[in-house]
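In what follows, a structure is listed as structure tokens, so that the remarks can point back to it.
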Amino acid sequence: MAISPGAAARLAYYQAENGFGILAPRGWHCFSTYGSSGSTLYVTPEAIDARKLFSDDWKGFSGQAIEVSVSVGDTSGRFEVAKTIARVFPEHKTFVQDVIAEGIEPAASFPFGPYPKDKLTYRSKRVVEFETPAYSAGLGTDSRLQRNSSPIAGVAILFGQEPNLLQVSTRISEEGRDLVRLIVAQAEREAAASRD
């Protein structure tokens, strides 16, 4: 991806063995998890303590962080895929109805319609960029990023036949916010390259 030399000097590409990679500020730390439902890559300014991450007491990242999650639509990841489709991808409502019809989770777990405070920008019927404002619930907090005084920006992308869901949630300091557009654009390019 073509970016300015100044931005390139501030970014690095982080990727685990499983799942998508992501651009993030240079010098940050990453940690990845994966399982039958999908994979998640976390990138933060501080080293990530795995014991804390897997602790039942841990509530999520309260500061700067980027989360890249992939939920696989034909595994147990379908519940996360269906929840996001219900919120922002009305063209794919049938997938949600099929998951509800399984009877494993109640219909109330899949509220239809966007979060009231989210700002959504549709790039296509399968790609929506979002911003969840400070102190608000939204797509940005449908992650391990806690609400705080800063907004969370990112993108939700459906890809593959199942469909699968790629969601990127970013919270970066004011000085680094100009990088968010590049981070989201790179994720969209990578997802587009992986589509069936």
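Here are the numbers for the structure shown:
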| read-out | value |
| --- | --- |
| Amide N proximity, the stretch 60-95 versus Lys125 label position 7 Å along Cα-to-Cβ, cut-off under 13 Å | 89-95 |
| Residue order, fewest to most beta carbons within 10 Å, for Phe20, Phe54, Phe79 | Phe54, Phe79, Phe20 |
| Sites Ala185 and Gln146 - FRET efficiency at Förster radius 35 Å, r taken between beta-carbons, to 0.05 | 0.85 |
| Fraction of the pair-distance distribution of the stretch 1-58 above 16 Å, Cα-Cα pairs, percent | 53 |
| Selected from Ser143, Ala7, Ala107, residue furthest toward positive end of dipole (the chain; charges at beta carbon) | Ala7 |
| Peptides 156-168, 177-189 ordered by average Cβ neighbours within 10 Å, highest first | 156-168, 177-189 |
| For the stretch 66-154, alpha-carbon Rg over 2.2 N^0.38 Å | 1.09 |
| Relative counts (whole %) of C-alpha pair distances in the stretch 1-105, using bins that are 10 Å wide | 13, 33, 31, 19, 3, 0 |
| Axial C-alpha extent at least 18 Å, average Kyte-Doolittle at least -1.0 - helices from the chain (DSSP) | 180-194 |
| Efficiency of FRET from Cβ geometry, Lys93 and Ser173, R₀ 41 Å, rounded to 0.05 | 0.60 |
| Lysine pairs meeting the criterion (Cα under 27 Å, 8 or more apart or interchain), as found in the chain | 12 |
| Theoretical ellipticity at 222 nm over the chain - DSSP helices of four or more residues, -39500 (n - 2.57) apiece, nearest 500 | -6500 deg cm²/dmol |
| Cα-based Rg / Dmax (Å) for the chain | 16.1, 52 |
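Read-outs: derived from the displayed coordinates by stated rules, not from any lab. Computed from a prediction, not measured in an experiment: that's the story for all the values here. Reconstructed Cβ throughout: ideal geometry from the backbone, glycine too, with neighbour counts over all protein chains shown.
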